[in-house]
Amino acid sequence: MKTRTLSNPSNTDFLSSDALRRYHANALRALLAGCRTHPALADRLTAGLSDRLLSSPDMTSAWSLIPEGRSYDQSAYITDKSLCGIIPGNADGRVVFSTTGSAGAPKLIVNAYEEVMNNAQIHGKGYGACGICADDIAVILGEVGRFAFGYTVIRALSTTGCTIVPLAMQECIADNLNIMNELRASVCVTMQSQLFRYLDTLEAGLIEAPPLRLIITGGEATSLKVAGRLKAIFGENLLLRSVFQTADAGTIGYQCPWCEEGEFHLHEELQFTEIIGADGGATKETGRLLVTNLYRLHSPVIRMATGDRAQWSGSDRRCQCGRTSRRLVLRGRDDHFYKLGGEKIASHSLIELLDTLDLPVDSARLVISRSDDGMDALFLEARPELGGPGLQRKVEKIFRDAAALQPLVARQCLAPIRVRAFARDDPHHRGFDKIKRIVDRRNEVAGEAE
């Protein structure tokens, strides 16, 4: 495997469209030359296809010949000596992160040390664009040591010159708020799912709200409902921004002050981004988001589906911030189907049923499992304080009358839905990860979550 020094031009945010296309073509060519023999790509990147791509005069268009990829197990490459030394100066430097996988089980992400630092540096550019400056005191709410709240966020924030205050005490809501007030924290960096318990405490009037001027969420944009609650507490002048990243692919985008709701500038220097329609080709309409990390060699990310649906920004004009980098709008998660009792049920149909219950989005989720006799079964997992006979009766009625589940109910091939409490050690109960609203537990290894 060839070696390559990581270097990103700082002016990719201001390149013309032709210059950006040339930059991406050169970066893709270098990436392919560096990782074409990686064992994780063996089933998608044959020698013949690699040669064809390397000889193509239009690399950015030819890149779509590579089959779409998915997240893969990187733990096999932690001690693989053949992958050492791909980046000069860090022959044995690797960092292993753990994240909550799609089914709630740990998943390992393996990067060369220099790749982590490179990602953090670019991620920090996004924080600066969101509005963090050297005078700010930035509080991080999250579990230190995980991918998002370990190296990446702290290292990225350090590029802005701000004062960084990690608050990793998950259950100490009141103590954390008191610290934020004592330090006069001006910025909060967190996941949206972290905010709910803080909102409950502040809305109860038990503790004074800290003087935050900016809240930046990662991985998921702040919903309009949550935004309304936040501004009711911190004032209408509160700024809400988001950065967009995944554990597998690294940092992808960020919001500047002129971005509209759900709109993100792309980190063009790090990611080659595609939006794919139902026919597998590029589309200007809403489609599936694929990313290629241009500098990830140890555990390559090649045309990996993020699980998001997105659309290119409808505005052809340069953003008011002056950047020429492309912008996309996130349109939600990529819809897929669950097989229940032999019937295909769209995930959005199940999420609509959850919404009908009118419960806080961080307080309940739908779990697909099996009954003792092997029949598919649905469980509503909710926070303990929400449970009880009243919720059970409401859930039974809503799901019994649901059109999407009528065929299953009629054929009696779906066990009656039951309400149960979150386990105390469940990541969803602790609320520091992305909000998962549907979890398929029928196969603990390959289960998926929405």
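The values are calculated or read from the model by the stated rules, or taken from the named source; none is laboratory data. It should be emphasised that the depicted structure is a prediction, and the values quoted were computed from it without experimental measurement. Glycine gets a Cβ as well: all are built from the backbone with ideal geometry, and neighbour counts include every protein chain shown. Just the protein is used for accessible areas: all its heavy atoms, side chains included, with ligands, DNA and RNA removed. Shrake-Rupley method; radii C 1.70, N 1.55, O 1.52, S 1.80 Å.
Could you work out what % of the accessible surface of segment 197-249 is carbon and sulfur, using a 1.4 angstrom probe and leaving DNA, RNA and ligands out of the count?
Ligands and nucleic acids excluded, carbon and sulfur give 54 percent.
Out of residues 5 or more away from S223 or on other chains, whose amide H comes under 5 Å of its own, with H placed 1.01 Å from N in the peptide plane?
Excluding prolines and chain starts, which carry no amide H, there are no hits.
Whole number in Å², please: accessible area per residue of segment 241-378, 1.4 Å probe, ligands, DNA and RNA not counted.
Here the per-residue accessible area is 38 Å².
Note the full-extension length gain between S61 and E285 as 0.36 nm times their separation in residues minus their Cα-Cα distance, in nm to one decimal.
78.8 nm
So what are the three principal axis dimensions of segment 230-362 from its Cα atoms, in whole Å, longest to shortest?
Its Cα atoms span 52, 44, 31 Å along the three principal axes.
Which residues does the label zone of A76 cover in segment 27-65, counting backbone N under 14 Å from a point 7 Å along Cα→Cβ?
What the label zone holds, given the 14 Å backbone N cut-off, is 38-45.
For segment 256-339, with all protein chains present and a 1.4 Å probe, just round the carbon and sulfur fraction of the accessible area to a whole percent.
The value for segment 256-339 is 43 percent carbon and sulfur by accessible area.
Suppose R0 equals 45 Å. What FRET efficiency, 1/(1 + (r/R0)^6) with r the Cβ-Cβ distance, do E203 and S349 give to the nearest 0.05?
About 0.90, to the nearest 0.05.
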